[in-house]
Amino acid sequence: MPYCEGNDLAPMRVATALVLLLLAAASQAQPTGGSPADPLVERGRQALREGDTPAAAEAFRQAVAADAQSAEAHFFLARTLFAVGEQQDIGRAREAIRTAVELEPDNVEYMTAELATLQTDGWNFWVDFERARRRSLLSRRILAIDSLNAFAHEEAAQLYIRDYYQYRNAVRTSGLSFYTPVYIVDDAADPLAAVAEVNQQRAESESGFGLDPITDAQQQAQAGDLVAAAEMVQPGSRFDLDLIEESSVSLSRRADRALRSARFHLETALAQDPRRRSLYDDVMRLAVLSGDWPRALPHLRDMFVHFPEDPEMWRYIGLAYHETGDWESADAAFGRAIELMDAEDQAVFSDLEMVLPPAEVAAFRADPETYAARFWSARDPRFLNPYNERRLEHYARLTTADLLYRSEDLDLPGWRTERGEVYVRYGRPDRDVIIEGEFGAVVESFDPQADPFSLPGVVTASNRFNVWDYGDLQFVFEDPNRNGEFVLYSPPASLFANGARVDGLDYVIRAREAFREIPERYEFEVPGREVRIPARAASFRGERGQAEVYVPFGVPLAESAGGGDVQTTIRTGAFLVGGDNTLMAERRKTVYGLPAAQIVGYDGVTLWIGTETLQTAPGDYEVAVEFETASGAAAGVHREAVQVPDYAAPGLHLSDLLLAVQVEEGVRASAGRVQRGDFAILPSPWGVYAVGDPIAVYFEVYNLAQADGLAEYEIEARLVPKDESSGLGRVFKRLFGGRERGVSTAFPVQVTDSDDRQYVLLDASGQEPGVYTLTVRINDTATGERAERTVDLFLE
């Protein structure tokens, strides 16, 4: 069960560790030198060996009563009570083990046992802080005696991971707002004196964890700083992170030190005890926080050796591969993890409710399998690979949320906590800032009746805020108890009652609105270097009412091939996508070596040109073209909408215009060229021509009227600069006949068939570089019907 901020180890793990230590100690009885507690201790050990825990506990109680100075009796009593697990017994167990350590302060086994009993959460920040301080001291004392003690190194690693988690992206404000009540000191008649006491105990702590000392001067300097606080966050607005960071001190240096220490202790513990399962949760948590996956991968290989059937191990491997861009391996690892999960966890990984708007939940519940298939298909960013990157991202988010945001206090997995739910929906925020110091409850400063020192016996300290910014969305969480249990911030009810305008800063409401309007978000990034793929789809009439969609595309090359083939391997694919991202047609290919005959040079770029053909019925589609190198070092995705006409319908039809580098008649098309009848066409997916080079465009005409076995029609082709003026500008051009540059040609055609294939060459010599629109018009002489198509191109 993953370790989480403010939650140290899960109680079950702690109890398990204690039971193992207890059984080991029970099987290694040693004479103690004639203490009256000895026979009773031996009786208790025998009961433990026989599995009779209640009898053992009673024997150890009698042993303590017989000899209060027997450290061994206190030790076994503590272990037994903790193993029982009742709340009242746990408190007594802590007292007993603390007594054993006081009686034998250099006994590593006793200190290790106390360390284990302190690895559960308290009821408030002060208790948690004190336990963390005590654990830090114990781990240091243990390591001073036994420098290779894996348990103590793990404890130190966890404390430093917690410190790194808290401060890696934290800033500390100074002298802003006032303090929010956090914990009670029963005998604190004077809050300032109580704060001084807190400071003194913090100063004595060697761990460096918890709050920095709060000075009286800071408390007295608050009133004049409310204006500055209000500038940083106003009701109804966003937290201004730029201003907050400019006005604060970064705590990154403290985080850097914590990271180095965490790595040292964690790797030392792993070297001493690679079968300690909990260490691998710490490895993954640190990898997620630091992003240092190369350092984590060797440890995951060790985890595979020791825990090959652990579903969390496979989830961790899946996450590591996902974060390093090896999606194929991530897909296999996550798949294996799901196979090994119990039914409850499998249900979590197939449940879409946490990424759906509320209005869609009923539809999902009615038919989960069908709904999920459509959901993931509609969000698959690439078709070239057999795995769905969006679904892998979902699995990775679930795993990350459980590592970072699990709540042991509330017994919630990470994805069920408020930060976890936001993370599963939207992923890693663009900016993630923790605000420490007296920034506190800035919003409460708008309450005219607030008085931070009006509650006797209350020690006040600043809240900790965590702001997640996604650009158009912002979520603010607070940690009111400073125990790592962050919740969405909502202003106190008293502010609403007093008429303060703080509704815009109620992030519980704002989160619900965001989930309804933007239920989930994912922005795909190709692995390796992303390159642009020029592509232009063109449709023509096919057979039996179908259409043929030709998809020429260009793969940018790093450098000219020098007239020869380029020795590289790439995978390409062209896909016709219908509604709900459903694949209607696809073509995949692996190309071993790029032939020189398909390489075309442009000004500043060289393209290898390929073409795929897709057959489909008439309709509206999206064409997707994808490529990636075999090594994964470069990849690209191109998508464009296409409308495929019903060429079988009555009336005159003109196909799409296919821009070409070269059109040859009476030859067979070689690789990379399009064959249409007797024409072999080398397409121009880039749509770029040098001024002075011929511009070729291929097209087809269907359903011409015939008279006496002949069909006659006129072709007009016109190339003019693209009109990018406003609507009013176009009106003035028409009124006053604004002079246009460009070239055109027109000629009659007579054929013996109702269909025809043609191409036109235009000479753009003398034209200025820029974007142009090419228009081809067809006029059927016999019927007067007309058809027209346009395409944009660029002259360089």
Near pairs, Cβ below 7 angstrom, 6+ apart or cross-chain, from segment 275-291 (over 16 Å from Thr324 (Cα atoms)) to any residue that is outside any helix (DSSP H, G or I) and not aromatic (Phe, Trp, Tyr): Ser278/Leu9; Asp281/Pro2
Residues located in segment 683-709, provided they are of a type in the set (Ser, Thr, Tyr) and closer than 26 Å to Asn779 by Cβ: Tyr698, Tyr702
Filtered residues of segment 45-83 (kept if among the β-branched types (Val, Ile, Thr) and either in contact (Cβ under 8 Å) with a residue 40 or more places away in the chain or surrounded by fewer than 16 Cβ atoms within 10 Å (Cβ to Cβ) (or both)): Thr80
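Would you be able to tell me the number of residues in segment 648-660 that are touching a residue at least 40 places away in the same chain (Cβ under 8 Å) and either among the polar types (S, T, N, Q) or more than 23 Å from Glu716 (Cβ to Cβ) (or both)?
Filtering segment 648-660 down to residues touching a residue at least 40 places away in the same chain (Cβ under 8 Å) leaves 648, 650-660.
Adding the requirement that they be either among the polar types (S, T, N, Q) or more than 23 Å from Glu716 (Cβ to Cβ) (or both) leaves 648, 650, 655.
Going through segment 648-660 one residue at a time, the tally reaches 3.
With the structure loaded, tell me whether Ser250 is under 30 Å from Pro491 (Cα atoms), surrounded by fewer than 18 Cβ atoms within 10 Å (Cβ to Cβ) and within 25 Å of the chain's Cα centre (by Cα) or whether it fails that test. Explain how you work it out, then say what you get.
On the way: under 30 Å from Pro491 (Cα atoms): yes; surrounded by fewer than 18 Cβ atoms within 10 Å (Cβ to Cβ): yes; within 25 Å of the chain's Cα centre (by Cα): yes.
Judged against the criteria, Ser250 is a match.
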Qualifying helices (runs of 4 or more DSSP H) (wholly inside segment 286-405; at least 1 residues being in contact with a Gly (Cβ under 9 Å, 6 or more places away or on another chain) and open to solvent by 40 Å² or more (accessible area, probe 1.4 Å)): 311-323, 327-340, 368-378
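How many of the residues in segment 643-663 are within 23 Å of Gln598 (Cβ to Cβ) and crowded, with 16+ Cβ neighbours inside 10 Å?
Taking segment 643-663 and keeping what is within 23 Å of Gln598 (Cβ to Cβ), we get 656-663.
From what is left, the residues that are crowded, with 16+ Cβ neighbours inside 10 Å are 656-661, 663.
Within segment 643-663, residues that are within 23 Å of Gln598 (Cβ to Cβ) and crowded, with 16+ Cβ neighbours inside 10 Å number 7.
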Segments classed as strands (runs of 3 or more DSSP E), wholly inside segment 536-632, with at least 2 members that are within 20 Å of Arg382 (Cβ to Cβ): 547-557, 566-577, 583-594, 605-616, 619-629
Single residue of Phe76, Phe82 found to be more than 14 Å from Ser35 (Cβ to Cβ) and of a type in the set (Phe, Trp, Tyr): Phe82
Residue tally, condition among the aliphatic types (A, V, I, L, M), in contact with a strand residue (DSSP E or B) (Cβ under 7 Å, 6 or more places away or on another chain) and modelled with pLDDT under 85, over segment 492-529: 1
Failed condition for Val433, given (1) under 22 Å from the mean Cα position of the chain (by Cα); (2) modelled with pLDDT of 95 or more; (3) open to solvent by less than 30 Å² (accessible area, probe 1.4 Å); (4) not basic (Lys, Arg): (2)
Glu513 over 30 Å from His653 (Cβ atoms) and surrounded by fewer than 14 Cβ atoms within 10 Å (Cβ to Cβ): yes
Where a residue in segment 605-620 is touching a residue at least 60 places away in the same chain (Cβ under 8 Å) and open to solvent by less than 10 Å² (accessible area, probe 1.4 Å) and its partner, wherever it lies, is among the hydroxyl-bearing types (Ser, Thr, Tyr) and not in a loop (DSSP other than H, G, I, E, B), with Cβ under 7 Å and at least six apart: Gly610/Thr572
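Examine segment 748-761 for a residue that is open to solvent by 60 Å² or more (accessible area, probe 1.4 Å), without any contact (Cβ under 8 Å) to a residue 60 or more places away in the chain and closer than 11 Å to Val701 by Cα, and state whether such a residue exists.
Applying the first criterion (open to solvent by 60 Å² or more (accessible area, probe 1.4 Å)) to segment 748-761 yields 748, 750, 752-753, 757, 759, 761.
Filter once more, keeping what is without any contact (Cβ under 8 Å) to a residue 60 or more places away in the chain: 748, 750, 752-753.
Those left that are additionally closer than 11 Å to Val701 by Cα: 753.
Checked against the condition, which is being open to solvent by 60 Å² or more (accessible area, probe 1.4 Å), without any contact (Cβ under 8 Å) to a residue 60 or more places away in the chain and closer than 11 Å to Val701 by Cα, segment 748-761 yields at least one hit.
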Which numbered condition Gly692 fails, given (1) over 30 Å from Glu768 (Cβ atoms); (2) among the small types (Gly, Ala, Ser); (3) not in a strand (DSSP E or B): (1)
Residue under evaluation Trp376, criteria (1) out of contact with any Leu (no Cβ under 7 Å at 6 or more places or on another chain); (2) under 30 Å from Arg260 (Cα atoms); (3) among the aromatic types (Phe, Trp, Tyr), criterion not met: (2)
Residue check, Arg390 at pLDDT 95 or above and farther than 18 Å from Met284 by Cβ: yes
Residues of segment 406-429 classified as open to solvent by 20 Å² or more (accessible area, probe 1.4 Å), over 11 Å from the mean Cα position of the chain (by Cα) and under 24 Å from Glu525 (Cα atoms), total: 1
Any hit, segment 85-105, residues being at pLDDT 90 or above and part of a loop (DSSP other than H, G, I, E, B): yes
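One line per residue, one yes/no per condition, for (1) outside any loop (DSSP other than H, G, I, E, B); (2) crowded, with 18+ Cβ neighbours inside 10 Å; (3) at pLDDT 95 or above:
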position	(1), (2), (3)
Glu700	yes, yes, yes
Glu712	yes, no, yes
Asp723	no, no, no
Arg739	no, no, no
The one condition in (1) under 23 Å from Arg532 (Cβ atoms); (2) touching a residue at least 40 places away in the same chain (Cβ under 8 Å) that Leu710 fails to fulfil: (1)
Breaking point among (1) small (Gly, Ala, Ser); (2) under 36 Å from the mean Cα position of the chain (by Cα); (3) closer than 29 Å to Leu795 by Cα, for Gly619: (3)
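Consider Ala378 carefully, then state whether it is over 30 Å from Thr629 (Cα atoms) and under 23 Å from the mean Cα position of the chain (by Cα). Explain how you work it out, then say what you get.
On the way: over 30 Å from Thr629 (Cα atoms): no; under 23 Å from the mean Cα position of the chain (by Cα): yes.
In short, no.
The values are calculated or read from the model by the stated rules, or taken from the named source; none is laboratory data. All values reported here derive from a predicted model rather than from experimental measurement. Quick reminder, even Gly has a Cβ in these numbers, built from the backbone with ideal geometry, and neighbours come from all protein chains shown. Each accessible area value is taken on the protein alone, full model and side chains, heavy atoms only, with ligands, DNA and RNA left out. Shrake-Rupley method; radii C 1.70, N 1.55, O 1.52, S 1.80 Å.
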